[in-house]
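Everything below concerns the one structure shown next.
The values are calculated or read from the model by the stated rules, or taken from the named source; none is laboratory data. If you're wondering where the values come from, they're calculated on a predicted model, not measured in any experiment. Cβ placement follows ideal geometry from the backbone for every residue including glycine, while neighbour counts extend to all protein chains displayed.
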Amino acid sequence: MGRNVGFKGQVRSYVQWPLRFSILLILFNIGMYFIDRRAGFFTTLLTVIYIGIAIILYRRSRSLVFNEFVSFATKYGQVQRQLLKELEIPYALMDESGKIIWTNEAFEETLHIKKDSRKSITSIIPTIEKNQLPGMENESEIMITHNERDYRVNMKKVSLVSIMSESEIVETFDSSSYIIALFMFDETRINKLQIENDDQKLAVALIYIDNFDEALSSIEEVRRSLLVALIDRKINKYMSSYDGLVKKLEKDKYLVILTKKYLKSLCENRFELLEDVKTVNIGNEMSVTLSIGVGLEAGSYNKNYEYARTSIDLALGRGGDQAVVKTPDNIAYYGGKSQMSEKNTRVKARVKAHALREIIEGADKIIVMGHKLPDVDAFGSAIGVYRAAKSYGKKVHIVVNEVTTSIRPLYESMVNSGDYGDDLIYNSMQALDAVDQHTALVVVDVNRPSHTECEDLISRCKTIVVLDHHRQGSERIDNATLSYIEPYASSASEMVAEILQYIGEDIRLKPIEADCLYSGIMVDTNNFMTKTGVRTFEAAAYLRRNGADVTRVRKLFRIDMDSYRARNDAVRNFEVFMDIFAISLFEGEGMDSPTVIGAQAANELLNINGIKASFVLTDYQNTIYISARSIDDLNVQIIMERMGGGGHLNVAGAQLENTSLADARNLLMETLENMQKEGAI
C-alpha cells in the first residue's frame, strides 16, 4: 500500500533529502574530472554506490514510515474514541431528524438506554420537541428536567462535507447534509444554589392600619390599649411564623423585613393576615383592616424600601384592606374584598381645596379633561372645576372629543343657555394647540393616562391636578403636582362639590352647573342606592342650595323608547354562570351610546335574587366594553383588572380591542373560573 501512497509537506522533504544530496555528489564528481581523471573515476564509483543505496533506502523507508503513520493514527483515533466514550458529560450524535447514531457511556447511563439504541431523541426525552432541533440556526440550547435533574442541552450541527471529503468508501452529494452533536450539562446543583440564593433576598414590607382612629373611637377609652395590644400581637405573631422581623414605626404603622422565600408563602396564602386581623373584636363597632406594601428585587435595600412606599400608597389609594407587592417587572394585588369606610372628617378635602386654589391662581389658563367617552360624572366634575377657575378670572377649556348620549342633555342645556362661549369645549387638537408653559391641566374622574381624552396633554403640561374616586392601578399619572384620589367617595362630582365649599367664599354655582354635579352623583350612585355615605348627601344638599333641581335632572335623563327596549333586551338575554354571575351580550347596533345602556342593564341585573355580580358586554366601535357591577362584598374591580380594566369594588369595567363578543365572553368566564380556584374572589 506504501507504493501507492505519496508523502507531502515536511515529511516528503525529510524522506527525499538523501536523493537530493546525490545531485551535489554528481556535481562534485564532474569537478574532480577536471582536476584528476583517476580521482574522478573513484568519485564516480562512490557516487554510483551512494545513489544506489539511497534509492533502495528510500523505497524501503517510504513503506515503513507510512506504516508507522498509520499505526500512530490508528492508536491516536482509538485514544480519542476511548476518551469520548468515557467522557463524563453525556454526549451523542444524531441525524437530521434526531435519530440516535452514536452515544457515549455517560449518555447511556443518564437516560437508561441500551448501547446500540437507535431511537429518536424526542422519544427518549419527551421534553425535547422536533422544532427545538437545530434547523436554520447552527446551534440550539434548551433547558430540560429529566429524572428530577436539570440539564442544559446543547445541540450543534456538524457538516458532513468536511468529514466525508477524504473518505474512500463514503461520499456525500448534498452540501447541506449534517449530523447533530448533543451535549447534556447537569446544572441541578447550580440551579439549586441559585434558588437558595434567590430565596435569601430580603424584602421590605410596610403595614398600615387603615381605620385606626375610627376603630379606637368606637370602643370605650379603657379598652383602647387592649385593642392596640391585640392588633400588635396579631401582626407580630403572624410575621414571626414567616421568620419576619417587625418594628413598630408609629401607633398604626409597622416595618417588616423578611426573606423572599417566606414572601412567596405569604403570596400563596394571599396574605391571610388581612382577614385574620378582622377577627380582633373587643366591642369595637367596625373591624380593623390593614394595608400592606411590599418592595422586592429592586437591586438595593433602599430601593426595596422605596418600592414598599410606592406599594403602600397604591394599597391605600385603592381603598385599603389589601396587599400590594411591587417588583421591577410587576405589581401584584391581594385582598381588597371589603368596602372602605367613609371618612367623616373633611380636613383632607379642605387641604386639597386650598392647594388647588393656589395652582389656579398661579396659572393663566386651565384645561380640564376626563376619560374617553365621558359620562355624566366626568362632565359634571369638569363643570365644577370650570366654575372654580372662572371665579378667579381664568380661561377654562373642557376637553370633549365626542358628545355621548349620556352627557348630551347637559351639554345642550349649557350651549343653549348662552352664558358660555364657543371656546368652552375643545377637542384634543385644540387643547394641544392651546397649551403653554402657564397652563394647568386638571384631570377628573380618571387616573390612568391611557384612558384620558388626550394622553399627550399629560406630557405637555408642567402643572397637573388629578381629582378621582376610582381605585388606583399600576398605571397612573406619576408627574401630578396635586393628586386627590379618594376611593370611598361616590363620585368625582361629590369630591368637586366638597372642594367648591372650601376653595373660596365667593364661589356660587349657577343652577345648570349645580344640575351637572348633582347628575354626576345621581348616576354614579344609581339614584343614591349604592356607594352613598353621609358626605354624599351633604354634597347633594350643597348642590340643592345652589339651585340643583331633582325633577329637572330626572327629566334630562329620561331615555327614548328604542334605548329602553334595548336595555330590556340586554337584561332579558342574560345567562347565569357559576350560580352567582349574570352575563349578558349586547350588540348595541343603532344606539348612540350603547355603553351607557350596557351599564344600566348591569345595574338592573343586580336586582335578581342570588346574583352577586353582573357583567354586560357591549360591542361598540370595534371594541368590547364590559360593565361590571356587584353587590355584597364581591370585588369586581380585581376581576376587571385581570382583564386590563379597573374601577371600584362594586362598579368596574374593562375594554377589549380586536376581539369578538363571543371571545370576550369566553375570556371573562375563564377569568372568573381561575380567580375562584385561586381564592381571589
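Overview of values
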| item | result |
| --- | --- |
| Lone unmet requirement of (1) farther than 28 Å from A548 by Cα; (2) buried (at least 16 other Cβ atoms within 10 Å of the Cβ) for I425 | (1) |
| F574 in contact (Cβ under 8 Å) with a residue 40 or more places away in the chain, closer than 27 Å to Q676 by Cα and surrounded by fewer than 23 Cβ atoms within 10 Å (Cβ to Cβ) | yes |
| Criterion (exposed (fewer than 14 other Cβ atoms within 10 Å of the Cβ) and at pLDDT 65 or above) met by exactly one of R12, R37, R3 | R37 |
| Among the candidates S241, S287, S265, residue that is among the hydroxyl-bearing types (S, T, Y) and closer than 20 Å to L216 by Cβ | S287 |
| The stretch 129-153 - residue that is over 28 Å from the mean Cα position of the chain (by Cα) and surrounded by 13 or more Cβ atoms within 10 Å (Cβ to Cβ) and, of those, farthest from T188 (Cα to Cα) | P134 |
| Any hit, the stretch 95-104, residues being assigned to a helix (DSSP H, G or I), surrounded by 11 or more Cβ atoms within 10 Å (Cβ to Cβ) and either acidic (D, E) or modelled with pLDDT under 80 (or both) | no |
| Filter result (more than 30 Å from S291 (Cβ to Cβ) and among the small types (G, A, S)) within the stretch 429-484 | A431, A434, A440, S459 |
| Residue within the stretch 228-241 that is farther than 17 Å from N281 by Cβ, surrounded by 12 or more Cβ atoms within 10 Å (Cβ to Cβ), among the aliphatic types (A, V, I, L, M) and modelled with pLDDT of 90 or more present | yes |
| Residues that are in a loop (DSSP other than H, G, I, E, B) and under 20 Å from N527 (Cα atoms), drawn from the stretch 612-646 | K612, I631, D632 |
| Of all residues making up the stretch 360-411, the number that are of a type in the set (D, E), touching an Asp or Glu at 6+ places or on another chain (Cβ under 6 Å) and within 23 Å of Q437 (Cβ to Cβ) | 0 |
| Subset of the stretch 648-681 [surrounded by fewer than 23 Cβ atoms within 10 Å (Cβ to Cβ) and either basic (K, R) or assigned to a strand (DSSP E or B) (or both)] | Q655, L656, E657, R665, K677 |
| Those residues of the stretch 398-422 which are over 29 Å from M591 (Cβ atoms) and either in contact with a His (Cβ under 7 Å, 6 or more places away or on another chain) or surrounded by 14 or more Cβ atoms within 10 Å (Cβ to Cβ) (or both), in sequence order | none |
| Residue match in the stretch 596-603 (condition: closer than 19 Å to S630 by Cα, β-branched (V, I, T) and touching a residue at least 40 places away in the same chain (Cβ under 8 Å)) | yes |
| In the stretch 537-555, the residues that are under 19 Å from A599 (Cβ atoms) and either touching a helix residue (DSSP H, G or I) at 6+ places or on another chain (Cβ under 7 Å) or not charged (D, E, K, R) (or both) | V553 |
| Top-ranked residue of the stretch 280-314 - restricted to ones that are closer than 25 Å to R224 by Cβ and under 21 Å from the mean Cα position of the chain (by Cα), ranked as modelled with the lowest pLDDT | I312 |
| From K156, K114, residue being out of contact with any Lys or Arg (no Cβ under 6 Å at 6 or more places or on another chain) and in contact (Cβ under 8 Å) with a residue 12 or more places away in the chain | K156 |
| Residue satisfying condition, being among the aliphatic types (A, V, I, L, M), surrounded by 14 or more Cβ atoms within 10 Å (Cβ to Cβ) and out of contact with any His (no Cβ under 7 Å at 6 or more places or on another chain), within set L263, L249, L245 | L263 |
